[in-house]
Amino acid sequence: METKKTPKANLENKKLLFREIGLAIALLLAILSFEWKTYDKTISIAGITGNSVVDDDDVVITRPELPQPEPLKAPIFSEVIEIVEDNTQIKNDLIFSGEDIKNLGVDIKEYKPQVEDDIDEIIPVAVVEEKPKFMGGDENEFTKWVFKNMVYPDIAMENNIQGRVILSFVVGADGRVVDVKVLRGVDPSLDKEAVRVISMSPKWTPGENRGKPARVKYTFPVIFQLR
């Protein structure tokens, strides 16, 4: 049995109509999209109405007013001088008698002028008024005596050690040689021998300053040389 289609049930005949309707709807939507309008929202800040973007020049910044300090009032001086009687009695308690001073326990001594003692002062040989003398001679005589009594240490000779030892000493007011010190040494053996020889020096004739015996300081070299 064959199926028969009526001309009204055949949709192929309406294909063109549906296409035209679809094109019309698409065209209408396109027109609506171009004609659609949007509007910016407005906001209100401190009573000002406008667009959402606020210009900095339109914003007014206010600061609270600080209270002003009160002006200083000038002091008022009275021109009236009032004289008040003062009956306070002042006792003169600052005057002490000799008996009062004794009662205070204060030991009052009589003033005695101090006499300068030149004996305790050490004077360099270059400035003393009269230099000390050694066996009737000067420093050269003392140099001869030192080299005559000096013994060259064996350990220094074996190691070929030689040089100049600088010492200082003081010729006291009694003529004795004291305070022998090494200012610049060479070797412990040579330094020890130099101090030994200077320390065993005989008495000198003491020097004088201002007519009194004086302590005179010398700087003296002892030379150790191998030949």
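Shape descriptor for region 116-227: Rg over Rh equals 1.03 (Cα atoms; Rh from the Kirkwood inverse mean 1/r). Could you report region 132-227's accessible area per residue, 1.4 Å probe, as an integer in Å²? Heavy-atom accessible area per residue stands at 58 Å².
At full extension, residue 130 and residue 29 could sit 22.6 nm farther apart than now, given 0.36 nm per residue minus the alpha carbon distance.
For region 158-199, taking Cα atoms only, Rg and Dmax work out to 11.8, 41 Å respectively.
With 24 Å as the limit on Cα-Cα distance, the pairs of 148/192; 144/203; 144/212; 133/181; 181/212 that go past it are 144/212; 181/212. With each label modelled as a point 7 angstrom along the Cα→C-beta vector, the residue 158-residue 178 pair spans 3.9 nm. Distances between every pair of Cα atoms in region 173-226, grouped in 10 Å steps from 0 to the bin holding the largest one, split as 21, 45, 24, 9, 1 percent.
The values are calculated or read from the model by the stated rules, or taken from the named source; none is laboratory data. Computed from a predicted model, the values in this text were never measured in an experiment. In this analysis, Cβ positions are derived from the backbone assuming ideal geometry, glycine residues included, and neighbour counts consider all displayed protein chains. Heads up: the accessible areas ignore ligands, DNA and RNA and are worked out on the full protein's heavy atoms, side chains in. Shrake-Rupley method; radii C 1.70, N 1.55, O 1.52, S 1.80 Å.
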